[in-house]
C-alpha cells in the first residue's frame, strides 16, 4: 500500500505542477523580459527537479498524466502537447480515452474546449470503437467492475444507501464505471492513475 501511495503522490505532483508546461518539463514558459527572467530563474530549476521526480512513471504514463492535467486545467498548451506527443508518446486511442474519461469528472462544460482542441487531430482518422457495454448491460457491468476493484464495500454501500442517495450509487456504476472504465484503450491501473488528476 505504501508503494502505491508513493506512486500516486509522485504522479499527482508531476501532473498537477508540470502538466501545464506543455510540450515537456523543460518547456519555455515565458519570454525573457525582466519580469519573466526573475521568475524563470527559480522556476526552470524547479522543472528540472520535477523531471527527476517523474522518473517513477513510464513514458506512456507520464504523457497520460500530463494530458489529463492539461485537460483538467483547460490549458492553452493542450494543442501543443497533442501536436508533439500524439503517435510519439501516446496513441490516438489512448489520448481519446483520457479525453472521454475527463467528462466523468470535469463535466462536459469544462471538457468541451478539449474536444475542440482534439478535433483537428482526429479528423479523417478511423479508430476502433472503445465501448464494451450498451444501454442494457452498462449498469450490471459497471457494478461488477466496482466489486472486482473495490470489493464487498461497494455492495455494502448499495445496501446502506439512503433513499435520496441510491441514485448516486447507480449512476457511479452505470456511468463512471459502466460507460468509461469498461472501455478499451486504457487499463484499469491507468484509469485509476488519471482519476485524481481529473477531480
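Every read-out reported here was derived from the displayed coordinates using simple, explicitly stated rules and does not represent laboratory data. All values reported here derive from a predicted model rather than from experimental measurement.
A compact table of results
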item	result
Rg to Rh, two decimals, where region 138-181 supplies the alpha carbon set and Rh follows Kirkwood	0.95
Residue-span extension gain [residue 52 to residue 164] - 0.36 nm each, minus C-alpha spacing	35.6 nm
Along principal axes, Cα extents of region 52-199, largest first, whole Å	48, 38, 25
Stretchable slack from residue 115 to residue 175, in nm (0.36 nm times residue separation minus alpha-carbon distance)	19.7 nm
